[in-house]
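S.K.: Pasting a structure here, questions to come.
Derivation of every value follows stated rules applied to the coordinates shown; laboratory data play no part. None of the values given here were measured: they were computed from a predicted structure. A quick note on method: Cβ atoms are made from the backbone with ideal geometry, for glycine too, and the neighbour counts reach across all protein chains shown.
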Amino acid sequence: MHAADDPRYGRFALRTDCPACGSHLPVNGPARAVDCADCGETVEVPDQLVVALLDAFEEAWPDAERAGSSTVGDITWRWTASPVEPTETSEATPVYDAPDWLRRAIGSAAAVLGGDPDQRRPPGGDRPVALTCPSCGAGLAITSERARVTPCDHCGSQVHVPDAVWRVLHPAHKVLPWFVRFNGESRKTRAARLRREAQDRESRSAREREEQRRAEALRAEGERAEREQRARQARRRRLWITLPLVAAVWSGALLAAGLTAMFGVWLALGPNAARLAGLKPFESLLVGNGVALVAIGVLVPTWILGIGTARFYGGYPLLAVVAWAIVMAVLCAIPFAGLVFALIFALLFLRGREPTVSKDERIPVLASAPLALVYATITAIAHLAYVGIDF
Ligand SMILES: [Zn+2]
Ligand SMILES: [Zn+2]
C-alpha cells in the first residue's frame, strides 16, 4: 500500500513488433506514433490503447501492478504498469505535461516523466558516414535521411547501405521507462470517501429522525397529559355542580311522584276520601286539589332542574335540550297517548339513549332516571286530571 495518494506515480512500458520488418518497437511515452528504427516505418499508436492502460492503472490503484497484451487491429501490443514511489521517478527526465488528448480521457493524468516519446536520435546520429560506391568508387556521404538502398550520387547505381553503417545511423530504440504523475484523489480513495460521506449523511439523518421522533413522542406525551388534566378538571367541575343537581332532581321527582300517587288515590276514593280522613267535603276537596297543585309545583322546577342536569352532563346546546324537553313534556301531557310516550321515553332514558343526556357511561342513569320519572309523573297528572274532571 502506497502512503501517497495524491500525487501518485505509475511506471509504464509499451511495445510491439514493427508490422513491416518485425523488429522490436518500443513506445517510450504516451505517443500517437513511433518510427521503426530498422525500416523507418511509421506505426500509429492508438489513443485508446494508452488511455485504457492508464485508466486500468487508475481504476486498480494502489494494487495496479499489471502486465498484459492488447490487440488493436492486427497489431498486438505488450504492456506493463506498476505503481511506484515518488522517489523512484526523481531521476526521470524529461518532465512535461500530459498531452491534451490524454488529459481529456484521464483527467487525473497530469504529467509524464522520463521516456522518449518523440524517439529522438541520440546526438551525432545526423553526422554523415563516408562510404565508397562499390560500383564507381566515388565517395558517398550517407546520413540518416538516406534510405536503406540509396542511389550513388555519381553513377546512379543503387547502393545497399551495410548493416554496420545503418546501425550507426539508426540506433535501435531502447526501452526507456516512463512515468505518469496522477493528481487528485485516487478513485478508490474517492469512492471510499463518498461511501463514508454517504454513511455519515445516512447516520446523521437517522439520528435526526430519531431525535425528531423522540421530540414528537415527548410533545404527544405532554399533550396527552394536558388533555387528561383538562378532562380531570371538567369531571371535577361536573361532579360538584351536577351531583347536587341530580340529588335535587331525584328528590323533586320522587316527591312529585308521591304527591301524584296521593292525588290519584284521593280521586279514586272520591266522596269516601272525606269520610275516611274525617274531613268535611270542602276540606277534602281543598286537600286533594292542594296535593295536586303541590305535585305540579314540585314537578315544574324539578323538570327545569332535570333539563339543567342533562345540559351540564351532556354538554349539549341549551336550546336543543330545552326544545327537546318541551316536546317530550307536551307529548307526555296528552292523556292516554301520553302513557305510550312516557313509556317510550322512560325506556330510552333508562337505556341512556335519549339525546339530551351525556354519552358518559355513569351519567345517564343519574340524570335520566329522575327525568323519566318526571315525564311519567306529568303523564299521570295529565291523565288523572282528565279522568278527575269527568269524575
Ligand atoms: Zn521496421
Ligand atoms: Zn557510383
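S.K.: Around ALA111, what is the net charge, scoring Lys/Arg as +1 and Asp/Glu as -1 over all other residues with Cβ under 11 Å from its Cβ?
M.R.: With Lys, Arg at +1 and Asp, Glu at -1, the net is +1.
S.K.: Further question on the same structure: Report, by chain and number, residues whose modeled amide H sits under 5 Å from the one on ALA98, excluding near sequence neighbours (fewer than 5 apart, same chain).
M.R.: Amide H neighbours of ALA98, under 5 Å, 5+ apart: ALA111, VAL112.
S.K.: Using modelled amide H (1.01 Å from N, peptide plane; none on Pro or chain starts), what sits under 5 Å from the amide H of VAL159, excluding residues fewer than 5 places away?
M.R.: THR150, CYS152
S.K.: Say R0 is 25 Å: what FRET efficiency, to the nearest 0.05, do SER135 and ARG167 get from their beta-carbon distance?
M.R.: Plugging the Cβ-Cβ distance into 1/(1 + (r/R0)^6) gives 0.65.
S.K.: Magnitude of the Cβ-charge dipole of the chain, K/R +1 and D/E -1, about the Cα centre, nearest 20 debye?
M.R.: The calculation lands at about 3080 debye.
S.K.: Which helices count as membrane-span-like in the chain under these terms: full DSSP H, at least 24 Å along the axis by C-alpha, Kyte-Doolittle mean of -1.0 or more?
M.R.: Answer set is 187-269, 281-314, 363-390.
S.K.: Among the GluC sites (Glu not before Pro) within the stretch 13-94, which fall in a DSSP loop and have no more than 14 other Cβ atoms within 10 Å of their own Cβ?
M.R.: Answer by residue number: GLU65, GLU91.
S.K.: Taking R0 as 56 Å, what's the FRET efficiency between ASP118 and SER205 from their Cβ-Cβ distance, rounded to 0.05?
M.R.: Efficiency at R0 = 56 Å is approximately 0.50.
S.K.: State the answer as a single residue: which of VAL43, PHE12, PRO30 lies farthest towards the positive end of the charge dipole of the stretch 1-62, with beta carbon charges of +1 for Lys and Arg and -1 for Asp and Glu, about the Cα centre.
M.R.: PHE12
S.K.: Gain in length, THR87 to ARG235, computed as 0.36 nm per residue apart minus the alpha-carbon separation, to one decimal in nm?
M.R.: Contour length minus the Cα-Cα distance gives 44.6 nm.
S.K.: Going by a 4.7 Å Cβ-Cβ cut-off, which cysteines of the chain have no partner at all?
M.R.: So far as the 4.7 Å Cβ criterion goes, CYS332 stand without a partner in the chain.
S.K.: Calculate, in whole percent, how much of the Cα-Cα pair population of the chain lies beyond 38 Å.
M.R.: Cα-Cα pairs of the chain separated by over 38 Å account for 62 percent.
S.K.: Under the 0.36 nm per residue contour assumption, what length would be gained going from the current alpha-carbon distance of ILE326 and THR76 to full extension?
M.R.: 79.0 nm
S.K.: For ARG32, which sequence-distant residues (separation of 5 or more, or a different chain) have an amide H within less than 5 Å of its own amide H, given hydrogens modelled in the peptide plane?
M.R.: Amide H to amide H, under 5 Å and 5 or more residues apart or across chains, ARG32 pairs with nothing.
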